[in-house]
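Heads up: the structure comes next, in structure tokens.
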Amino acid sequence: MNRTVEIEITGMHCASCSILVDDCVEDVPGVVSSRTNLKSGRCAVVAAEAVTDAQLLAAVVEAGYVGVVVDG
């Protein structure tokens, strides 16, 4: 079963930034999809239940940004 996690991301300033975030998040095993919206500064991730918030946030940090999991 999958779950959806929304991450607020700080520091993105162009389309390349959002693509980089998606690429890094999608490299996490168990992630089905990642859609980052530059305008809203948020990333919607669909991932297996076993994928932790910490794993997703670590991928955002790997991309060079700061992320916080948000509700809705």
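The values are calculated or read from the model by the stated rules, or taken from the named source; none is laboratory data. This one's a predicted model, so the numbers in the text were calculated from it and none came from an experiment. So basically every Cβ, Gly included, is an ideal-geometry build from the backbone, and we count neighbours across all protein chains shown.
The condition of being touching a Lys or Arg at 6+ places or on another chain (Cβ under 8 Å) and at pLDDT 95 or above does not hold for C17. Going through (1) exposed (fewer than 13 other Cβ atoms within 10 Å of the Cβ); (2) in a helix (DSSP H, G or I) one by one, S40 falls short only on (2). Within the option set V32, V46, being within 10 Å of the chain's Cα centre (by Cα) and not in a loop (DSSP other than H, G, I, E, B) holds for one residue only, V46.
Scanning region 1-29 for residues that are among the hydrophobic types (A, V, I, L, M, F, W, C) and over 11 Å from the mean Cα position of the chain (by Cα) yields M1, M12, C14, A15, C17. Only one entry in C24, C17 is surrounded by 13 or more Cβ atoms within 10 Å (Cβ to Cβ), touching an Asp or Glu at 6+ places or on another chain (Cβ under 7 Å), on the phi < 0 side of the Ramachandran plot and part of a helix (DSSP H, G or I), namely C24. Scanning region 15-30 for residues that are without any contact (Cβ under 8 Å) to a residue 40 or more places away in the chain and within 14 Å of G67 (Cβ to Cβ) returns S18, D22, C24, V25, V28. Residues in region 51-68 that are surrounded by 14 or more Cβ atoms within 10 Å (Cβ to Cβ) and either outside any helix (DSSP H, G or I) or touching a Cys at 6+ places or on another chain (Cβ under 8 Å) (or both): 7 in all.
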